[in-house]
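The values are calculated or read from the model by the stated rules, or taken from the named source; none is laboratory data. Remember, predicted model here, so these are calculated numbers, not experimental data. Don't worry about glycine lacking a Cβ; one is built from the backbone with ideal geometry, like all the others, and counts go over all protein chains shown. For accessibility, only protein heavy atoms count, side chains too; no ligands or nucleic acids. Shrake-Rupley method; radii C 1.70, N 1.55, O 1.52, S 1.80 Å.
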Amino acid sequence: MSGGIPLITLPAGYLGSSFMGACMIACGFNTNASKIASLVLAAIFILALFWARKSVVAWILIFGFAGILVALWLIKNSIGLRFFVLFMGVMSCMYVLWDVVDDTIARKVSTSDAGVFAKMFGCCSSRVWGVVWLIIACIYFALGLIVGLLVFKQTEAQMQEDARHFIPAPGA
């Protein structure tokens, strides 16, 4: 590994993805928050296209995914966008949980970020770091659900009315 601060960069893939998933879960409880989350996803898509500009497959997948987001934004005051953002958040968090267990605790790969982390900091084995990261990822997942339930308490009708006024779809 070169560059960066290992204490931050080694768990960043697992914990960063889990944090982003938790944010999408929370946003999935409100239509306007889902619109904001989809704009953040669009910005990430643009960065991904810059990074993978020579990959035709990346372009096809990103434009397909962007097409799904636009279609869901335009259909019935973005109600489908809520569920799509929620789905993406849950899938992101669930994948992190599976990946941490698979890579670090069950040890199906010879080396992992947790193994490098354990060698660099030496206080615990890679499995212990995997369990720590798994607990943190579970906390993020739970907090995404709790924040979504506590912060967004609008009824379906209230969300529909708000969605008509916040970055409305053409003709809405």
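Here are some notes:
- Looking across segment 89-118 at every residue that is touching a residue at least 60 places away in the same chain (Cβ under 8 Å) and hydroxyl-bearing (Ser, Thr, Tyr), the one that is least open to solvent (accessible area, probe 1.4 Å) is identified as Ser92.
- Inside segment 45-74, residues that are open to solvent by 80 Å² or more (accessible area, probe 1.4 Å) and without any contact (Cβ under 8 Å) to a residue 24 or more places away in the chain make up a count of 13.
- Here Ser18 meets the list (1) surrounded by 14 or more Cβ atoms within 10 Å (Cβ to Cβ); (2) more than 25 Å from His165 (Cα to Cα); (3) more than 17 Å from the chain's Cα centre (by Cα) almost entirely, failing just condition (3).
Every residue, every condition in (1) more than 26 Å from Cys93 (Cβ to Cβ); (2) basic (Lys, Arg); (3) modelled with pLDDT of 95 or more; (4) exposed (fewer than 13 other Cβ atoms within 10 Å of the Cβ), yes or no:
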| residue | (1), (2), (3), (4) |
| --- | --- |
| Arg127 | no, yes, no, no |
| Ala137 | no, no, yes, no |
| Phe141 | no, no, yes, no |
| Glu156 | no, no, no, yes |
| Ala163 | no, no, no, no |
